[in-house]
Amino acid sequence: MPTADLQLRSYHVRTLEFFCDFALRAAYYLDLAAFGPVPLPKITERWTVPRSNFIFKKSQENFERITRRRLIQIRDGHPEAVQAWLAFLRKHAIAGVGMKANVWEFGSLGRFAPAPRPGEGGWRDQRGLTTANPRDRRRREADGPDGQGRHGHYRSQVAAPGGEQDDGDGGEGGGVAAERAV
């Protein structure tokens, strides 16, 4: 399972390969399982610029810049060791080599209850609020203590004649009703 991805970029192949070797050796001495360097697709940018102005359009110059990239992946590394490795690489960075790191930290989902059964709705946190639809949370936060919304109308779940739920918007259904504990 990957813990960190380090993407290195440079216009010069020799400096890029040198820094990749440096990063792999540093990972080895920190006991990190490093894989790479994996060559990523190069980015080629081209420009065409007139050499002179006005009527000399046929005399143009072409410029090209190629960005070469490499990927080093750390798997199953301790988060503190990965942070130390990245700090070491930042401290000893070479001019002309850019770095971008994606670091993943894995933890438990202790705040949430078990997964809901089909038809029960979304996730509920420890306070009992539904977290599946962020708009519902914003609506509850926007409602005052008396249940009046921002626009002065009362929003609650009211049973309509025929046993259907009315969401208070005056429409034909399909709206979202805010849950409110009384």
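Bear in mind that the values in this text are calculations on the coordinates, not laboratory data. Since this is a predicted model, take the numbers as computed values, not measurements. Cβ atoms come from the backbone with ideal geometry, glycine included; neighbour counts cover every protein chain shown.
All other residues with a Cβ under 15 Å from the Cβ of Thr3 taken together, and with Lys, Arg as +1 and Asp, Glu as -1, what is their net charge? Show your work: numbers first, answer last.
Values: positive: Arg75; negative: Asp5, Asp31, Asp76, Glu80, Glu105.
Taking every Cβ under 15 Å from that of Thr3, the sum is -4.
With each label point set 7 Å from Cα along the Cα-Cβ vector, what nm distance links Arg51 and Lys91?
The answer from the label model is 5.2 nm.
Hey, with R₀ at 30 Å, roughly what FRET efficiency would Glu80 and Thr15 work out to, going by the Cβ-Cβ distance, to 0.05?
Details: r = 29 Å, r/R0 = 0.97.
It comes out at approximately 0.55.
Hey, if you put +1 on the Cβ of every Lys and Arg and -1 on every Asp and Glu Cβ in region 2-103, which of Phe88, Ala27, Tyr11 ends up farthest toward the positive end of that dipole?
Towards the positive end, the residue furthest out is Tyr11.
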